[in-house]
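Engineer: Pasting in a structure now, in structure tokens, and then I'll have a few things to ask.
The values are calculated or read from the model by the stated rules, or taken from the named source; none is laboratory data. Keep in mind it's a predicted model, so treat the numbers as computed, not measured. Ideal geometry is used to build each Cβ from the backbone, glycine not excepted, and the neighbour counts take in all protein chains shown.
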Amino acid sequence: MRICVYGSASTNIDNKYVEETEKMGKILADRDHNLVFGGGGNGLMGAAARGFRKGGAHILGVIPRFFVREEVEEICDICDELVTPETMRERKLIMEDMADAFIVTPGGIGTLEEFFEILTLKQLCRHNKPIALYDQFGYYTETETLIKASIEKMFIKDKCKELYFISDNLDEIIEYIETPVISQRSVKELKDG
């Protein structure tokens, strides 16, 4: 299975997140999974790649050309393949298409945007791939609170909670993404409007 890992590219984050994400990558690679990710060499992106590399996995990085031209961030130098589309939209589309499952590790605006986009696409029945929020050290507690509040205020249908899984336990995350999805829902069941 090819797993898309979303996560921070920051060099300023607490090292505990880096260590946890690198450990996750190694465990997933040991289970014969491969990586598709944003191609960055720092932060949790770089940590995921290093972990998957330690486990001997295939690594596909996808990073826009302007990141290279404008030196936006360090490019991961251990990718087996590095795809360089022109835009962020193309980058996300390639990652979405190439992945069989998604794990969202802690991250900033870009990571949150990737999570909500892939969740929206699942709500709209454009894919039925597993999406897991890896709640390392309680990072996604407030995000989960926001989603629950939106459900309570009827901006999001309750059934949308079934479209992703959140846990701080890596074993539970792995079990979730490795369990085949049984049914596809209809858009009307998941979205008003």
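Engineer: So which helices (runs of 4 or more DSSP H) stay within the range 1-109 end to end and still have 1 or more residues that are modelled with pLDDT under 95? It would help to see each step written out before you state the result.
Structural biologist: Numbers: elements: 15-30, 43-54, 65-69, 88-98.
Qualifying helices (runs of 4 or more DSSP H): 65-69, 88-98.
Engineer: Output the residue which, of all residues in the range 1-16 that are hydroxyl-bearing (Ser, Thr, Tyr) and closer than 29 Å to His127 by Cα, is surrounded by the fewest Cβ atoms within 10 Å (Cβ to Cβ).
Structural biologist: Among them, the one singled out is Ser8.
Engineer: Checking Val104 against (1) closer than 21 Å to Met1 by Cβ; (2) surrounded by fewer than 16 Cβ atoms within 10 Å (Cβ to Cβ); (3) touching a residue at least 40 places away in the same chain (Cβ under 8 Å); (4) not charged (D, E, K, R): exactly one of these is not met. Which one?
Structural biologist: It fails just one condition, (2).
Engineer: If you don't mind, another one. Name, by its number, the condition in (1) modelled with pLDDT of 95 or more; (2) in a helix (DSSP H, G or I) that does not hold for Ala132.
Structural biologist: Failed condition: (2).
Engineer: Name the single residue that is farthest from Ser167 (Cα to Cα) among those in the range 79-92 being surrounded by 14 or more Cβ atoms within 10 Å (Cβ to Cβ) and not hydroxyl-bearing (Ser, Thr, Tyr).
Structural biologist: Per the criteria, the residue is Pro85.
Engineer: Okay, moving on. Being in contact with a Lys or Arg (Cβ under 8 Å, 6 or more places away or on another chain) and assigned to a helix (DSSP H, G or I) is the filter here; which residues of the range 171-193 pass it? Show your work before the answer.
Structural biologist: We begin by selecting, within the range 171-193, every residue in contact with a Lys or Arg (Cβ under 8 Å, 6 or more places away or on another chain); these are 174, 178, 181, 185, 189-192.
Within the range 171-193, Ile174, Glu178, Glu189, Leu190 qualify.
Engineer: Identify, please: which residue in the range 116-129 is in contact with a helix residue (DSSP H, G or I) (Cβ under 8 Å, 6 or more places away or on another chain) and assigned to a helix (DSSP H, G or I) and is, among those, surrounded by the fewest Cβ atoms within 10 Å (Cβ to Cβ)?
Structural biologist: Glu117
Engineer: Given the options Glu142, Glu152, Glu113, name the one that is over 21 Å from Leu28 (Cα atoms), surrounded by 12 or more Cβ atoms within 10 Å (Cβ to Cβ) and out of contact with any strand residue (DSSP E or B) (no Cβ under 8 Å at 6 or more places or on another chain).
Structural biologist: After ruling out the rest, the residue left standing is Glu113.
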